[in-house]
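What follows is a single structure, written as structure tokens, with notes after it.
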Amino acid sequence: MLPWHVKCRIQRELISTEYRCKQLELDGRGCISYPNQQEAAQQIIEHYKNEKYLVVLIAQPGAGKTGVVLEVTKQMTTHIDDDQCIDASNVFILSGMNDIDWNVQFKSKMLRTFQDNVYHRGAINSHIQNRIAEMTNGLCCTDECQIACGSQMKVAHVLASTGLTDLAVARARNMKLLDVSATPETVAYDIAHWGPHAAIVILPTGPNYKGFQVMLDENRIREAPHFENYEQVLAFLNDWDQRYASLSG
């Protein structure tokens, strides 16, 4: 087995190369991450440095949470200090949703090194659970944590069985938790339970972000009509057919 300082150097070079290649793949179609995402990632990492073991990232839908997660994983696994750098194999990204499409999409946006440790709820098996239970000096990110945190949910069960819902265990194993949600009220109990060892980071939206309020203001979201019979439903569908008749699939 290679000494950690040698493995660390190889890991830095590999992940930095993957990061550059990812940017080249975009070829002017965008950035791997934008300034607001980079700033949020830096805030998260600073919290970890200051003995926070649970950080909740609050991000509106479509605001760029994946870019933040990518930056956090990249920076924490390429840290210049060997003692601060974490093993890339100790990074797991779980989803509270049982969604194969989420899994494919999220993996495609991450660097290749981390893709094999991205799992949606239905794909989490005993092997993955045991791996997380044995892990030290790692990062476990839960996307859509407002779904995952329910006591009967599989991801909540996995984290509890691995000890990572216990601050003392997370602290002893130097495990960092990153919860991502658009509805922080659902994880408010966890934040309060971890006291000074938990923190919240809010991802500000970029200048081109169009959220629900913009769509409401532009009349792109409308209140659903109330239907009382089949004829009303049919008339509504016919109106939509005519509205978009000039558009191709």
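The values are calculated or read from the model by the stated rules, or taken from the named source; none is laboratory data. These figures come from a predicted structure and were not determined experimentally. Counting neighbours? That spans all protein chains shown, and the Cβs are built from the backbone with ideal geometry, glycine included. Only protein heavy atoms, including side chains, enter the accessible area calculation; ligands, DNA and RNA are left aside. Shrake-Rupley method; radii C 1.70, N 1.55, O 1.52, S 1.80 Å.
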Once you have a ≥ b ≥ c as the square roots of the Cα gyration tensor eigenvalues for segment 1-99, tell me rounded if a/c is under 1.5, and otherwise prolate or oblate according to whether a/b is larger than b/c.
-> oblate
The answer for segment 1-126, accessible area per residue at 1.4 Å probe in Å², is 51
Counting only residues 5 or more apart in sequence or on a different chain, those whose built amide H sits under 5 Å from that of V201 are V56, L57, I58
Between K176 and residues 5 or more places away or on another chain, which pairs have amide H atoms under 5 Å apart, with H built 1.01 Å from N, and which residues are they?
-> G138, L139, C140
Area accessible to solvent at Y244, 1.4 Å probe radius, in Å² = 90
Segment 35-113, accessible surface, carbon-and-sulfur percent (1.4 angstrom probe) = 46
Principal axis box of segment 51-175, alpha-carbon based, largest edge first, Å = 36, 29, 27
So what are the ³J(HN,Hα) numbers for segment 47-52, from phi and the Karplus equation (6.51, -1.76, 1.60; θ = phi - 60°), rounded to whole Hz, Gly and Pro as x?
-> 4, 4, 5, 9, 6, 8
So how exposed is R243, as accessible area in Å² (1.4 Å probe, rounded to 10)?
-> 120
Qualifying GluC sites (Glu not before Pro) in segment 12-80, DSSP loop, other Cβ atoms within 10 Å at most 16 = E51
Enumerate the calculated ³J(HN,Hα) couplings along segment 132-137 in order (Karplus 6.51 cos²θ - 1.76 cosθ + 1.60, θ = phi - 60°), each rounded to whole Hz, writing x wherever the residue is Gly or Pro.
-> 5, 5, 8, 6, 10, 6
Ratio to report: Rg/Rh of segment 1-49, with Cα atoms as the point set and Rh obtained by the Kirkwood method; give two decimals.
-> 1.11
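So what's the net charge close to Q43: Lys and Arg +1, Asp and Glu -1, counting the other residues with Cβ under 12 Å from its Cβ?
Values: positive: K49, K52; negative: E39, E46, E71.
Surrounding charge for Q43 is -1.
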